[in-house]
Amino acid sequence: MTNDLKFIRYTVARLASFRNVWWSLSNEWNQVGCKWDSGTPPNKCFTTSCPTTDAVNVSAATPIWDSLFESAKREDPYGHMMSIHNNAFLYNLSRPWITHFSIQHTHNQPKELWKNYGKKPVLWDEVKYEGNSNSNWGSLSALQMVQRMWWGACGGAYGQHDEVLSTDSCCDDAAPLKVPRFARGVNVSWNGSGGCLCGEAAPRIAWFHRYISNQTINLTHHNGSTYESRSNVDFAAGVGHDDGQSRR
């Protein structure tokens, strides 16, 4: 773990001064066998419908991961957001260093997460990807991707977009995000290389962001009275101003 701690110290020292940074300690953390004391993570159920000893509730100690989180938190003087990308089963998201839930498509029920781990923002950061991959996780159409943004908003989560499009780069000389390290005509995907978003979902999601950020919603109180609420929600940051108060 020594090298991991050195890497965390280096990374945090280099990037923590940027405001548009959050820390994700791992991609699909349970697949990193070397971070388990036994060398092999427990074989757990894959969905939130599993028995409570499996996917939803914590059933395994994670001392190595805990130490890595504590190091990142200690090294970061600015307190950036921090979480870990989950897959087959969940890290203990009630830990104090976890600022938000980083959730795949398999754990998409915020109310269950809140019941088990406490009230924290839910970032549904892998809803599957817009793309033309042969794998089901990378083959959503643009409309299916946008639909998941609506699903997330209705369920109390913040949907995240990504692309897996095996295609010639759509970047041109006028594009704000280019891929200079790749020659034109080389297959480039945003998911692995960054550069330009070539799919059709991104502009639709941008419209959705504008829509959800400026809605006037008629609400009915439990006593039968009605009132109008201007939502004005910052959908990207998870901060609302409907009553003049900031909420997370």
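Residue-level check: of (1) modelled with pLDDT of 90 or more; (2) touching a Pro at 6+ places or on another chain (Cβ under 9 Å), ILE103 misses just (1).
Looking at the structure I just gave you, is PRO42 assigned to a loop (DSSP other than H, G, I, E, B), surrounded by fewer than 14 Cβ atoms within 10 Å (Cβ to Cβ) and at pLDDT 90 or above? So PRO42 fails the test. Only one of the listed residues (HIS161, HIS85) is in contact with a strand residue (DSSP E or B) (Cβ under 8 Å, 6 or more places away or on another chain), part of a loop (DSSP other than H, G, I, E, B) and not assigned by TED's automatic domain parsing to the domain that holds TRP23. That residue is HIS161. The lone criterion from (1) crowded, with 18+ Cβ neighbours inside 10 Å; (2) at pLDDT below 80 left unmet by TRP29 is number (2).
Here's the yes/no breakdown for (1) assigned by TED's automatic domain parsing to the domain that holds ASP66; (2) at negative phi:
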residue: PHE89; (1), (2): yes, yes
residue: ARG95; (1), (2): yes, yes
residue: ILE98; (1), (2): yes, yes
residue: ILE103; (1), (2): yes, yes
residue: GLU112; (1), (2): yes, yes
residue: LEU140; (1), (2): no, yes
residue: MET145; (1), (2): no, yes
residue: GLY156; (1), (2): no, no
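Note on the range 117-141: residues that are in a helix (DSSP H, G or I) and surrounded by fewer than 17 Cβ atoms within 10 Å (Cβ to Cβ) amount to 2.
The values are calculated or read from the model by the stated rules, or taken from the named source; none is laboratory data. Just so we're clear, the structure is a prediction, and the values are computed from it rather than from any experiment. Cβ: placed from backbone, ideal geometry, glycine included. Neighbour counts: every protein chain shown.
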